[in-house]
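Read-outs throughout are calculated quantities, based only on the coordinates presented, and are distinct from any laboratory measurement. Computed from a predicted structure; not experimentally measured. Every residue, glycine among them, receives a Cβ derived from its backbone with ideal geometry; neighbour counts consider all protein chains shown.
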Amino acid sequence: MKDITRKTWVLTEEGKKYAAQGSPEVQLFLAVPEEGSISVLEPKKKLGESIVSFAWKYAKENKWVDMEKSNSQGG
C-alpha cells in the first residue's frame, strides 16, 4: 500500500491577525474617511509605521488611496 501525502494550507499567527483585522492595505484604506482626508500621521499612530509603510505601496498601486499635498501657513 502506498502512503498518500496530503498538503494543506494553514494560517500563521500573522495570517490570523490579518484574517481578524484585515490586510495592511485594507486597514489603511479603512482608516481614511470616505468623505474626506486624514493627516498622514493619524494612520501611523493608529496602525503603526511599519503597517502604513507596507500598506501605502500596495493601496496606492491598487488606486485605493492617494496622497494630496497642501500648503498651510502658520500664524
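Converting phi to 3J(HN,Hα) with the Karplus coefficients 6.51, -1.76 and 1.60 and the offset θ = phi - 60°, the range 51-61 yields 5, 5, 4, 5, 5, 3, 4, 6, 5, 5, 4 Hz in sequence order, with x at every glycine or proline. Remark: spin-label model distance GLU61-LYS45 equals 3.0 nm, labels positioned 7 Å along the Cα→Cβ axis.
Trypsin sites (Lys or Arg not before Pro), restricted to the range 22-75: which are DSSP loop and have at most 16 other Cβ atoms within 10 Å? Mind dumping the intermediate values first?
Numbers: sites: LYS44, LYS45, LYS46, LYS57, LYS60, LYS63, LYS69; in loops: LYS63, LYS69.
Sparse-neighbourhood loop trypsin sites (Lys or Arg not before Pro): LYS63, LYS69.
Among the chymotrypsin sites (Phe, Trp or Tyr not before Pro) found in the chain, those both in a DSSP coil and sparsely packed, with 12 or fewer other Cβ atoms within 10 Å of their Cβ, are TRP9. Across the range 18-25, computed HN-Hα scalar couplings (Karplus, 6.51 cos²θ - 1.76 cosθ + 1.60, θ = phi - 60°) run 5, 5, 7, 9, x, 5, x, 4 Hz from first to last residue, x flagging Gly and Pro. For Kirkwood radius over Cα pairs in Å, the value calculated from this model appears in (1) 14.9; (2) 12.6; (3) 16.6 under label (1). Build a GNM of the chain with springs between Cα atoms under 10 Å apart, and of GLY36, GLY48, GLY22 the one that fluctuates most is GLY36.
Candidate cross-link partners of LYS69 among the lysines, defined by an alpha-carbon separation under 25 Å and a same-chain spacing of 8 or more, comprise LYS44, LYS45, LYS46, LYS57, LYS60.
For the chain, the Cβ-based charge dipole about the Cα centre amounts to some 380 debye (Lys, Arg positive; Asp, Glu negative; other atoms uncharged).
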